[in-house]
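K.L.:
First, the structure itself, so that you have it in front of you.
Just so you know, all these numbers are worked out from the coordinates, no wet-lab data involved. Worth saying up front: this structure is predicted, and the values here are computed from it rather than measured. Note: ideal-geometry Cβ built from the backbone for every residue, glycine included; neighbour counts use all protein chains shown.
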Amino acid sequence: MDTKQSLAALIADTIEECFMGVEGLPTADDIAGFLEIPPQKEMGDYAFPCFKLSKVLRKGPPVIASMLAGAVGENDLARAEQMGGYLNFFLQRDNFAQKTLETVLAAGEDYGKGDEGAGKTVCLDYSSINIAKRFHIGHLSTTMLGQSLSRIYQFLGYKTVGINHLGDWGTQFGKLIYAYKTWGEKEDVEKRGVEALTELYVKFHDEAEKDPSLDDEGRRWFKAIEDGNEEALELFNWFKALTLRDTQRVYDLLGVKFDSYNGEAFYNDKMGRVIDELKAKNLLTVSEGASIVDLDQDETGMPPCLILKKDGATLYATRDIAAALWRKDEYDFDKCLYVVAYQQDLHFRQWFKVVEKMGYEWAKDLVHVAFGMISYEGQSLSTRKGHVVFLEDLLHSAIEKARAIIEEKSPNLENKDEVARQVGIGAVIYADLQNGRIKDINFCWDDVLSFDGETGPYVQYTHARCCSALRKAAELEPVEPDYSALSDDYAQELLRQLSRFPETVREAAKRYEPSIITRAVTELCKAYNKFYYENRIIVDEAGVREARIRLTRAVKNTIKTGLYLIGMEAPERM
Ligand code: ARG
């Protein structure tokens, strides 16, 4: 039992004792939910708002608070005081230190883990790259948010299914086939992959501007893919393989894996069901030749959702509806998350509404996890203006720059390449998951790679600092810790943060917000560094030393777990 739960149990028992026989008294779990953290330290560590009881007890909150304060008084766990309608608790510092460290250290790197998700499945649609397009930094956030959310849900016991919903369907692939057949060279494309394909695509557009009949050629080849023409399919599958080969290098660098690569094309033969159901449920109407689902614009503010174009072709939304139905059948998800840029907000709201109108109650389990834009050194990204930053290049620069810093700071480090990779990649991931996801990000090298301030290297460095203290301690005999050595404000602040970590993880899961963990880990590092400057760890007095070592170990484990949950590694030396 952690401190908060123990406190909740204590309060529940006291209420029972004081108000025996009253119906509807709250349980310890209810009380744990009511407990607040006071805004100022002078008001204690926890506060119980007694107005939560005034209805069942038919008494004013201050009266209840004063009765309970008298009954609790002071014990091993805490001292209680009435403050207005609140019962405020001041934890006994030694006891709090002991309890917290015992809990954290018993769990090791699993501290904060849970099984509340057991038997439940979360599908995560993320990264979802487009075939024949290079992986640029506009796809960094979806990739890292998705990866982190997968880890967070797994940590809480959920089964997760990571889906890369490939953009592998559309007329552009017909154009690409035409361009390749007209101007392409097999060896060059095989060697340079997506880069060569992108050039061919650009060439097609330039030429089509001069000769619009090329667009018809493009459409013909796209139809050939759809009709299963052998040559068309072979070329298209080759483009797909090349794209996946090139993106795999980026995924390997980032440590990202997927369970499924079923993309838009996978649903080609699953569209009939959507159309049939929509018709059967009288949801489909024809407007100017196209088939749409009306979304009651007056009420929802949303224009109709386009399902079939005039020529009978399906759309992005039609495919997303087909995919949702298929995923529900296949995985029976409890939640299906779509980690996609905010710009697609209307798209998701529209087709979620269509699924709801189809009568599927699980439409409420579809969630658009939206995020803001990323710019690079103050410049926004735009393919059209030619200002693109490729993710692979960015990651390699990060590693190189980290390597140069390490060379300067720790010339004697043994595995510099490995650490440079961990620090460089980590710095990029940290920068991406540092702030609330809806906020736009400006990626700036000086900020990202700095060793002080709120950065990936700073957090990793604090972890390495803990490891170094623990290495020194490893040579000493362990003794009984003297927990009273941890009653100073610095140690107590650290303990408070440690004790809140499990809640932090749950909050991040609930709000689909990895940055909550990034921030908590950063605060933990700041608090540890303050503690470290105020207190020597390896002191002569064995009991004091042991207490500080235990605290250091608990901090180290928690930083490592937190970093893992946002997708970062934690080097032991740097
Ligand atoms: N490929 C799309 C893009 O790059 C993202 C797809 C997101 N997933 C989905 N099921 N719509 O914009």
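Residue by residue, here is whether (1) among the charged types (D, E, K, R); (2) out of contact with any helix residue (DSSP H, G or I) (no Cβ under 7 Å at 6 or more places or on another chain) holds:
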position	(1), (2)
TYR111	no, no
ASP115	yes, yes
LYS120	yes, yes
LEU124	no, no
PHE135	no, no
GLY170	no, yes
PHE173	no, no
ILE177	no, no
GLU190	yes, yes
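K.L.:
Mind listing just one residue for me: the one in region 347-361 that is touching a helix residue (DSSP H, G or I) at 6+ places or on another chain (Cβ under 7 Å), over 20 Å from TYR126 (Cα atoms) and part of a helix (DSSP H, G or I) and, of those, farthest from the ligand (Cβ to nearest atom)?
P.N.:
To start, the set of residues in region 347-361 that are touching a helix residue (DSSP H, G or I) at 6+ places or on another chain (Cβ under 7 Å) comprises 347, 350-356, 358.
Filter again for over 20 Å from TYR126 (Cα atoms), leaving 353-356, 358.
Retained after the next criterion (residues that are part of a helix (DSSP H, G or I)): 353-356.
Working: LYS353: 15, VAL354: 14, VAL355: 13, GLU356: 17 Å.
That would be GLU356.
K.L.:
Another question, if that's okay. Residues LYS270, LYS257: which one is part of a loop (DSSP other than H, G, I, E, B), of a type in the set (D, E, K, R) and in contact with a helix residue (DSSP H, G or I) (Cβ under 8 Å, 6 or more places away or on another chain)? Step through it out loud before you land on a result.
P.N.:
Details: LYS270 fails: part of a loop (DSSP other than H, G, I, E, B).
Just a single option satisfies the conditions, and that option is LYS257.
K.L.:
Here is a further query. Are any residues in region 316-346 within 13 Å of the ligand (Cβ to nearest atom), in contact with a Cys (Cβ under 9 Å, 6 or more places away or on another chain) and without any contact (Cβ under 8 Å) to a residue 40 or more places away in the chain, and if so, which ones?
P.N.:
If the condition is that a residue be within 13 Å of the ligand (Cβ to nearest atom), in contact with a Cys (Cβ under 9 Å, 6 or more places away or on another chain) and without any contact (Cβ under 8 Å) to a residue 40 or more places away in the chain, then ALA317 is the only one that fits.
K.L.:
For region 431-470, which residues satisfy the criterion of being small (Gly, Ala, Ser) and more than 21 Å from the chain's Cα centre (by Cα)?
P.N.:
Of everything in region 431-470, those that are small (Gly, Ala, Ser) and more than 21 Å from the chain's Cα centre (by Cα) turn out to be SER450, GLY453, ALA464, SER468, ALA469.
K.L.:
For region 239-261, check the following and say yes or no: at least one residue is surrounded by 15 or more Cβ atoms within 10 Å (Cβ to Cβ), under 17 Å from LYS181 (Cβ atoms) and more than 16 Å from the ligand (Cβ to nearest atom).
P.N.:
Yes, region 239-261 has at least one match.
Conditions tested, residue by residue: (1) touching a Lys or Arg at 6+ places or on another chain (Cβ under 6 Å); (2) at positive phi; (3) aromatic (Phe, Trp, Tyr); (4) assigned to a helix (DSSP H, G or I).
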{"residue": "ILE15", "(1), (2), (3), (4)": "no, no, no, yes"}
{"residue": "PHE48", "(1), (2), (3), (4)": "no, no, yes, no"}
{"residue": "VAL63", "(1), (2), (3), (4)": "no, no, no, yes"}
{"residue": "ALA80", "(1), (2), (3), (4)": "no, no, no, no"}
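K.L.:
List every residue pair whose Cβ atoms sit under 6 Å apart, with the two residues 6 or more apart in sequence or on different chains, where the first one lies in region 516-541 and is more than 13 Å from ILE566 (Cβ to Cβ) and the second, anywhere, is surrounded by fewer than 16 Cβ atoms within 10 Å (Cβ to Cβ).
P.N.:
ILE538/LYS472
K.L.:
Which helices (runs of 4 or more DSSP H) does region 100-215 wholly contain that include 2 or more residues that are within 16 Å of the ligand (Cβ to nearest atom)?
P.N.:
Output list reads 140-155, 172-183, 194-210.
K.L.:
Next question, about the same structure. Just one of the numbered conditions (1) part of a loop (DSSP other than H, G, I, E, B); (2) surrounded by 15 or more Cβ atoms within 10 Å (Cβ to Cβ) is not true of ILE438; which one?
P.N.:
(2)
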